[in-house]
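One structure is given here, and the rest of the page talks about it.
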Amino acid sequence: MSVTGPSNSRFAIYLIPPYKVARAVAEIHRMLRKQFGFIAADQFQVHATIKGFFKKTEGPLEPLVERLDAVFATQRPFPVHFNGVGSTNLGMGLDIFRIAGGANPEMVALRERVVDAVRPFIAPDCDFVEEDLGQPFWAHITLAFRDIPLTMQDEVLDYLREAPLPAEPFVADTFHFLEFFSQDWEGDWERTLTWRLLKSWRV
C-alpha cells in the first residue's frame, strides 16, 4: 500500500451506499453513457464524496491510513435521506445532504473530521484543493458531472423523470479510501481514469 516517492495519483474518501441504491444509480450511469455519451460518473464507484480528490505529499501512506482509522474507529452509523435531484454548474446528483429540513449534522461532522485527518497530507501543489475545500460541502450521489454541458442539464433532468431514482432512506455505515490514476490530470482526466480500493471501513 505504500507510496514513498513522487506520485501522479490522487486519493479520496467516499461513503458507499447499500447495494440496492448503488444498483439503481449504476443503471442511470449506464443509460446516460449510452443515450448521451456522458462517461465521467460511470468511471467511479457509486458513492457520496466525503473528501474529494487530493494529491498526497511524498512519503508512505500508513500514517494517513492510521489517522483515518482513528476517525472511523469512533464513527457510528447514521441515517441518510434523499432529497431529490440537485444540480450545480459542475453537474447533477441525488441530494443526500439534508435531513429534517437542514444539513445532516452527522454527515457534516464526519466531513470535518476526515478533512482534519487528511489536511496535513495534501501536497502544496494539489490541483484539486480549490475545487474540493474551496467550495461549500454538498453531500450527493453523482448522476452526471464534468462532461455534461450546462445547456443539456434541463434535457437530462427531463429524461431522468422515468429513471428508478432511489428514495428510501439508508444507513451510512461503509466508507472507502481509494487511489485514482489518470494519464492527463491537467486535461480530460475522466477519459483515462482508473482506481484501486486501498481500504474500507464498516462502522
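What to note about this one:
- Taking the chain as a Gaussian network of alpha-carbon nodes connected by springs under 10 Å, the highest mean-square fluctuation of the residues THR49, THR174, THR151 belongs to THR151.
- Modelled this way, with points 7 Å down the Cα-to-C-beta line, the labels at THR88 and GLU27 are 2.8 nm from one another.
- The lysines within cross-link reach of LYS199, meaning a Cα-to-Cα straight distance under 21 Å and a gap of 8 or more places when in the same chain, are LYS51, LYS55, LYS56.
- Square roots of five times the Cα gyration tensor eigenvalues for the chain, Å: 27, 21, 15
- The calculated 222 nm mean residue ellipticity attributable to helices in the chain amounts to -8500 deg cm²/dmol, summing -39500 (n - 2.57) over DSSP H runs of n ≥ 4 and dividing by all residues.
- Rounded if a/c under 1.5, otherwise prolate or oblate - segment 1-115, Cα gyration tensor axes: oblate
- Label zone at LYS20, where the point sits 7 Å out along the Cα-to-Cβ direction: segment 130-172 residues whose backbone N lies under 15 Å: 164-172
- Segment 51-107 and segment 117-150 have Cα centres separated by 11 Å.
Just so you know, all these numbers are worked out from the coordinates, no wet-lab data involved. On a predicted model such as this, the values are computed, not experimentally measured, just so you know. So basically every Cβ, Gly included, is an ideal-geometry build from the backbone, and we count neighbours across all protein chains shown.
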